[in-house]
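> Before we start, here is the structure in question, set down as structure tokens.
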Amino acid sequence: MITDYSAVKSSSTMRRRSLLIEGAIVVAIALLILFGAPILLTAIGQEFRINMLGRFMTLAIAALGVDLIWGYTGMLSLGHGIFFSLGGYALAMFLQLQPEGELPEFFTLYGVTELPWFWQPFHSLPFTLAALVCIPALIAALLGYLVFRNRIRGVYFSILTQASLIVFFNFFNSQQKLINGTNGLKTDTTKIFGVYAGSDQVQSVFYALTVILLLLAYMLCRWLTSGRIGKLLVAIRDDESRVRFSGYDPTGFKVLVFAVSAGLAGIAGALYTVQSGIISPKTMDIAFSIEMVIWVAVGGRASLVGAILGALTVNFAKSILSEQFPEIWLFFQGALFLVVVTVLPGGFVGWLRTEGQDLFRSLIGRPRRVMTYPSLAEDPEVEYERQNLRN
Amino acid sequence: MLTSLLDGLFDGISIGSVLLLAALGLAIVFGLMGVINMAHGELMMIGAYTTFVVQNAFKSFGKPWFGAYIFVALICAFLVTALLGLVLERGVIRHLYGRPLETLLATWGVSLILRQFVRSVSWVMVLGLGVFCVLYFGAMTIISRMPNVEKIRGWARIVLLPLSAGIAWAAGSMLGQTYQLAATKPWFGAQNVDVTAPGWLRKGIKLGTYQLPYVRLFILVLTIVCIIGMYMFLQRSAWGLRIRAVTQNRSMSACLGIPTKRVDALTFAIGSGLAGVAGCAVSLLGSVGPNTGQNYIVDTFMVVVVGGVGKLVGSIVAAMAIGIANYMIGANALSPLVSWFPQLAGILEFFANASMAKVLVFALIVTFLQFRPAGIFPQKGRMVDA
Amino acid sequence: MSDKILEIENLTVSFEGFKALNQLNFNMDTGELRVIIGPNGAGKTTFLDVITGKVQPTTGRALFKGKNLRSRSEHHISRLGIGRKFQTPRVYLQLTPRENLDLSCNRHKNVVATLLGRPSKAEHRTVAGLLETIGLTTKADIPAALLSHGEKQRLEIGMLVAQSPDLLLVDEPVAGLTDEETENVGNLLLTLAESHSIIVIEHDMEFVRQIARQVTVLHQGSVLCEGSMDEVQNNPQVIEVYLGQPEEGDG
């Protein structure tokens, strides 16, 4: 017992040290992106890419959420566009209401003279900030509860989320009087604290905000996935009914993780809206929500770094390819789906962890890493065979 | 009031029958393989485009023949999409067996490719693809006959893939250079195309004040024929028996010597073929574009969710219920019934258009699932826990 | 309250008319080790399904420590103190044995406690001790997917113990194990029986003989007979259902 105890203790100090190192690296990268990237991009005369990078980092926040539920818990949501848009609409409406007392332009266009009751609280910034996280999270929690409670899962869950996406799309698209329908809400020309939201000043503040929130989101997900609950999420992915027989109720956990993931998407949507200048029902079309999944798939599911990298690379590839060859982009995207799913199921990070590492080792002349039982590794006969095989 | 309700009912049924036709293939495939094919809508779209091509071919034959093109188009649409489905099953879905979520993503990729394909398909592209397939798969076949195949397969792929792609590209551009626009012009383009229904389908029967278009009737009959055909096939034929066996218990069927892989391929091909038939029917209702399939896909998924797997009748009831509910709510056909209760009538009024109807129908579906999570007709009995 | 840990009264479970369990009556004392045998289709697994809440009884009831188990969900029943080991080992393949055990060992299984709670030192020690008991200390930190079949079986039993249930339901623990592994599992079960009530379902008669004190024979969804191993083995009815014809009994 005494030896056990000391082993536990030493492993926990080891863990603390490695966590500290990891934290330092992550913060360093964040600082680099925060200050280094704008300077670098300005230096090479690509200032417009700063805004792009900012937007893609908001998408990375959404990707973290998708990774939580799909990568770790194994639930494929095809409806994250809802939560993304809700966050976006919440902040956009706050901005539209900014010069206090004035009704947004579009309302008068449709003959609405008084602000609908549910928009009233959006005059307040604290409420808006809370709402852009909580409304998506609550809606996800409700939908999730109704679905998970009945043990509906797998593809059923996926297509139900997709159907709810279409429902929200239809709702937002057809309600001109309440939310300006197809046209969506513009934020460019609105003022925030007396400054135009589209101005460089506000944009760079939002760029910084995005980096910081991405960092916080990463830390939240890191905390969630490394603790006991993270293991439980993986357990739910592996064998949900076994989890039940172990005494856990998966419903609660799934609702929680779905809500957290939706909240992250809400934050992402709000940040994205300000940086792109508009939110419209277009962010609720089927394709966008599935794209979120493919960012995670490309980067590597069940890997938080993978989700962020995937969101950034896929979106940069998209912007470059669809600028140059708009026709090829869809073919490319389709092929990306096929290739990632069939050839690279672990995504880029998954590949790095397995084959990539082997490739690297073989390049520097080291033997391949062999996954095996410790006892097998000590077996002299096996060792001998391995020697022979290597030639 | 009664007649308006009946009108609504018939319109609902006719919407439901399109939905059912579209969902039928999907439901069978889902029941058998547990796979949701996101490209199902695109297969419908291909079926619709096939109809368009057949129609154009028949236009040159002259008047008496033109009326009959629809039957040829149905068969062609079935065959083309069934073939496409077979390729899809062999090329993609087979490798993802037991991973339904990944299959969903992969078929979405296929659907993106198909949508862009019909937009930009031209002679150059077809030739290029053809050359590529002949070179690559031909060479791979030859290599697979060689004795030391395992060793060189990886390298062969790496060498052959760019090589054949390069040759195909070159051949395509040469064709483009020689024939210029004739070869590079897209066949269909991104614009919608119109299929003209044959003359005899353009009329309708008058029932009182109500005009019952023959097209709707035709689709209803087509749906009934497809269902009866499918039913007979599943219940009476040897392959139908195998399909049912695999649907119920895959591993046991495999142990009894049923070729489950061939059953999968066959079912998927038939399911895809039915999508083609549905596409053909849809083309009669309006213009056809690369995104046509997307309009149907979510509704058909809902049919599968509500209907449950394993029984055709579940899909039938679900499709009809969703179709009728959508129409009744969208056209506000129910409000006369509840005129004695103004609040409810007001709520119905709020949902009375095509998009808001979907909102209410979805709410109803989620409510329904609270009571029957496995659909109307779930597979009963001792379930092997998955 | 009685000292019966499990009482089952007139339990019937029917699937579309097919009665998997038919008017089953069954009693078990606290601290008992009971082996249930019976030919294929006798309803053994359904019996466990009912107790663990996976299947709802059509009629009749099952009482655990005097509490009715009807319409309680699986996790609820598990928290009452019933643990189950499945026929094929079901462990979380992507997690390591240590994490597998840690999840089962967690005492507070609601969302908030799992979210905020950290494994206590006592739990760390329990897990370390269990790893040693099931002989997986050296493999504690590799994914469970890499374990052999026998190791997975032991890990699942370990998970069961980590839950510290009052009643253990063990479904065919030695299926597919070598003789040596079988004996190990048998000894493990006998050790556990000192502090738990256990129901074992098994086909392997050698194994049953090793561990059994009291045996219940199920046939066509009801109890055929009950008694010690010798009594059961010499019961003509049992011989008949197991071997078809009584005259082939010695074959």
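The values are calculated or read from the model by the stated rules, or taken from the named source; none is laboratory data. Being a predicted model, the structure only gives us computed values, none of them experimental. All Cβ positions, even for glycine, are placed from backbone atoms using ideal geometry, and neighbour counts span all protein chains on display.
> Anything in the stretch C:103-120 that is more than 7 Å from every other protein chain (Cβ to nearest Cβ) and part of a helix (DSSP H, G or I)? List them, or say none.
Matches in the stretch C:103-120: C:CYS105, C:VAL112, C:ALA113, C:LEU116.
> While we're here: Could you say which residue among A:GLY306, A:GLY300 is more than 9 Å from chain C (Cβ to nearest Cβ), buried (at least 23 other Cβ atoms within 10 Å of the Cβ) and on the phi > 0 side of the Ramachandran plot?
Numbers: A:GLY306 fails: on the phi > 0 side of the Ramachandran plot.
Result: A:GLY300 is the single residue among A:GLY306, A:GLY300 that is more than 9 Å from chain C (Cβ to nearest Cβ), buried (at least 23 other Cβ atoms within 10 Å of the Cβ) and on the phi > 0 side of the Ramachandran plot.
> Output yes when any residue across the stretch C:191-200 is loosely packed, with under 15 Cβ neighbours inside 10 Å, under 21 Å from C:GLN87 (Cα atoms), in contact with a helix residue (DSSP H, G or I) (Cβ under 9 Å, 6 or more places away or on another chain) and without any contact (Cβ under 8 Å) to a residue 60 or more places away in the chain, and no when none is.
yes
> Turning to a different aspect of this structure: Identify all residues within the stretch C:219-234 that are of a type in the set (D, E, K, R) and within 18 Å of C:PRO39 (Cβ to Cβ); write none if there are none.
First, pick out the residues of the stretch C:219-234 that are of a type in the set (D, E, K, R): C:226, C:230-231.
The one that is of a type in the set (D, E, K, R) and within 18 Å of C:PRO39 (Cβ to Cβ): C:GLU226.
> Given (1) buried (at least 20 other Cβ atoms within 10 Å of the Cβ); (2) at the interface with chain A (Cβ under 10 Å from one of its Cβ atoms), where does C:SER148 come up short, assuming only one miss?
Exception for C:SER148: condition (1).
> Looking at the stretch B:85-96, I want the residues that are more than 9 Å from every other protein chain (Cβ to nearest Cβ) and modelled with pLDDT under 85 and have a partner that is exposed (fewer than 14 other Cβ atoms within 10 Å of the Cβ) and part of a helix (DSSP H, G or I) with Cβ atoms under 8 Å, at least 6 apart or on another chain. Which pairs are those?
none
> Against the conditions (1) among the aliphatic types (A, V, I, L, M); (2) assigned to a helix (DSSP H, G or I); (3) at pLDDT below 80, where does B:ILE167 fall short? Just the number, please.
Against the list (1) among the aliphatic types (A, V, I, L, M); (2) assigned to a helix (DSSP H, G or I); (3) at pLDDT below 80, B:ILE167 comes up short only on (3).
> Suppose we keep only residues that are of a type outside the set (A, V, I, L, M) and touching a helix residue (DSSP H, G or I) at 6+ places or on another chain (Cβ under 7 Å) within the stretch A:107-133. Which one would you say is nearest to A:ALA270 (Cα to Cα)? Full working, then the answer.
Of the stretch A:107-133, the ones of a type outside the set (A, V, I, L, M) are A:107-108, A:110-111, A:113-114, A:116-124, A:126-128.
Add one more test, that the residue is touching a helix residue (DSSP H, G or I) at 6+ places or on another chain (Cβ under 7 Å), and what stays is A:110, A:116, A:119, A:121-122, A:127-128.
Working: A:TYR110: 25, A:PRO116: 21, A:TRP119: 16, A:PRO121: 17, A:PHE122: 14, A:PHE127: 14, A:THR128: 10 Å.
In this case the residue turns out to be A:THR128.
> Does at least one position in the stretch C:40-48 carry a residue that is of a type outside the set (Ser, Thr, Tyr), out of contact with any Cys (no Cβ under 7 Å at 6 or more places or on another chain), assigned to a strand (DSSP E or B) and loosely packed, with under 14 Cβ neighbours inside 10 Å? Spell out the reasoning first.
Applying the first criterion (of a type outside the set (Ser, Thr, Tyr)) to the stretch C:40-48 yields C:40-44, C:47-48.
If we keep only those that are out of contact with any Cys (no Cβ under 7 Å at 6 or more places or on another chain) too, we end up with C:40-44, C:47-48.
Checking which are assigned to a strand (DSSP E or B) leaves us with none.
No, because not a single residue in the stretch C:40-48 is of a type outside the set (Ser, Thr, Tyr), out of contact with any Cys (no Cβ under 7 Å at 6 or more places or on another chain), assigned to a strand (DSSP E or B) and loosely packed, with under 14 Cβ neighbours inside 10 Å.
> Checking C:GLY43 against (1) at the interface with chain A (Cβ under 8 Å from one of its Cβ atoms); (2) modelled with pLDDT under 90, which test does it fail?
Of everything listed in (1) at the interface with chain A (Cβ under 8 Å from one of its Cβ atoms); (2) modelled with pLDDT under 90, C:GLY43 misses just condition (1).
> For the stretch C:121-142, what are the residues that are at the interface with chain A (Cβ under 9 Å from one of its Cβ atoms) and not in a helix (DSSP H, G or I)?
C:ILE142
> Continuing with the same structure: Across the stretch A:184-231, which residue is farthest from C:GLU99 (Cα to Cα) among those that are in a loop (DSSP other than H, G, I, E, B) and either polar (S, T, N, Q) or within 14 Å of chain C (Cβ to nearest Cβ) (or both)? Spell out the reasoning first.
If we filter the stretch A:184-231 for residues that are in a loop (DSSP other than H, G, I, E, B), which is where we start, we get A:184, A:187-190, A:193-194, A:197-199, A:227.
Retained after the next criterion (residues that are either polar (S, T, N, Q) or within 14 Å of chain C (Cβ to nearest Cβ) (or both)): A:187, A:189-190, A:199, A:227.
On the way: A:THR187: 48, A:THR189: 53, A:THR190: 51, A:SER199: 51, A:GLY227: 10 Å.
Among those residues, the one meeting the criterion is A:THR189.
> Among residues belonging to the stretch C:151-172 that are more than 12 Å from C:CYS105 (Cα to Cα) and not in a helix (DSSP H, G or I), point out the one that is farthest from the other protein chains (Cβ to nearest Cβ).
Filtering the stretch C:151-172 for residues that are more than 12 Å from C:CYS105 (Cα to Cα) and not in a helix (DSSP H, G or I), the one farthest from the other protein chains (Cβ to nearest Cβ) comes out as C:GLU172.
> Can you find a residue that is within 28 Å of C:LYS65 (Cβ to Cβ), without any contact (Cβ under 8 Å) to a residue 60 or more places away in the chain and over 21 Å from the mean Cα position of the chain (by Cα) anywhere in the stretch C:128-135? Please lay out each step first, then the result.
Taking the stretch C:128-135 first, the residues within 28 Å of C:LYS65 (Cβ to Cβ) are C:129-130, C:133-134.
Still in the running and without any contact (Cβ under 8 Å) to a residue 60 or more places away in the chain: C:129-130, C:133-134.
Still in the running and over 21 Å from the mean Cα position of the chain (by Cα): C:129.
Among the residues of the stretch C:128-135, at least one is within 28 Å of C:LYS65 (Cβ to Cβ), without any contact (Cβ under 8 Å) to a residue 60 or more places away in the chain and over 21 Å from the mean Cα position of the chain (by Cα), which makes the answer yes.
> Would you point out the residue of the stretch A:158-178, among those that are more than 26 Å from the chain's Cα centre (by Cα) and closer than 19 Å to A:ILE82 by Cβ, that is surrounded by the fewest Cβ atoms within 10 Å (Cβ to Cβ)?
Of the residues in the stretch A:158-178, the ones more than 26 Å from the chain's Cα centre (by Cα) are A:174-178.
Now narrow it down to the ones that are closer than 19 Å to A:ILE82 by Cβ: A:174-175, A:178.
Values: A:SER174: 18, A:GLN175: 17, A:LEU178: 15.
Filtering the stretch A:158-178 for residues that are more than 26 Å from the chain's Cα centre (by Cα) and closer than 19 Å to A:ILE82 by Cβ, the one surrounded by the fewest Cβ atoms within 10 Å (Cβ to Cβ) comes out as A:LEU178.
> A further question follows. Which one of B:THR50, B:THR81, B:THR107 is within 12 Å of chain A (Cβ to nearest Cβ) and crowded, with 23+ Cβ neighbours inside 10 Å? Walk me through how you get there before you give the answer.
Numbers: B:THR50 fails: within 12 Å of chain A (Cβ to nearest Cβ); B:THR81 fails: within 12 Å of chain A (Cβ to nearest Cβ).
Exactly one of B:THR50, B:THR81, B:THR107 is within 12 Å of chain A (Cβ to nearest Cβ) and crowded, with 23+ Cβ neighbours inside 10 Å, namely B:THR107.
> Name, by its number, the condition in (1) touching a helix residue (DSSP H, G or I) at 6+ places or on another chain (Cβ under 8 Å); (2) more than 23 Å from C:THR182 (Cα to Cα); (3) within 9 Å of chain A (Cβ to nearest Cβ); (4) touching a residue at least 12 places away in the same chain (Cβ under 8 Å) that does not hold for C:ARG79.
Every condition holds for C:ARG79 apart from (1).
> Now, a different point. Given the criterion assigned to a helix (DSSP H, G or I), out of contact with any helix residue (DSSP H, G or I) (no Cβ under 6 Å at 6 or more places or on another chain) and more than 24 Å from B:MET230 (Cβ to Cβ), identify the matching residue among B:ARG90, B:ARG94, B:ARG119.
One residue alone meets the criteria, B:ARG119.
> Could you say whether any residue in the stretch B:11-19 is buried (at least 24 other Cβ atoms within 10 Å of the Cβ), aliphatic (A, V, I, L, M), away from chain A (no Cβ under 14 Å) and in contact (Cβ under 8 Å) with a residue 40 or more places away in the chain?
yes
> Tell me, yes or no, whether the stretch C:196-205 has at least one residue that is closer than 30 Å to C:GLY135 by Cα, part of a helix (DSSP H, G or I) and at pLDDT below 85. Break it down into steps so the answer makes sense when it comes.
Pass one, the stretch C:196-205, residues closer than 30 Å to C:GLY135 by Cα: C:196-205.
Then drop every residue that is not part of a helix (DSSP H, G or I), which leaves C:205.
Next, only the ones that are at pLDDT below 85 stay: C:205.
Yes, there is a match, as at least one residue in the stretch C:196-205 is closer than 30 Å to C:GLY135 by Cα, part of a helix (DSSP H, G or I) and at pLDDT below 85.
> How do the helices (runs of 4 or more DSSP H) wholly within the stretch A:69-154 filter down when requiring 1 or more residues that are within 14 Å of chain B (Cβ to nearest Cβ): which remain? Before the answer, list the steps.
Numbers: elements: A:80-96, A:105-109, A:125-148.
Output list reads A:80-96, A:125-148.
> Out of all the residues in the stretch A:258-290, which are surrounded by fewer than 24 Cβ atoms within 10 Å (Cβ to Cβ) and under 15 Å from A:GLY334 (Cα atoms)?
Of everything in the stretch A:258-290, those that are surrounded by fewer than 24 Cβ atoms within 10 Å (Cβ to Cβ) and under 15 Å from A:GLY334 (Cα atoms) turn out to be A:ILE286, A:ALA287, A:PHE288.
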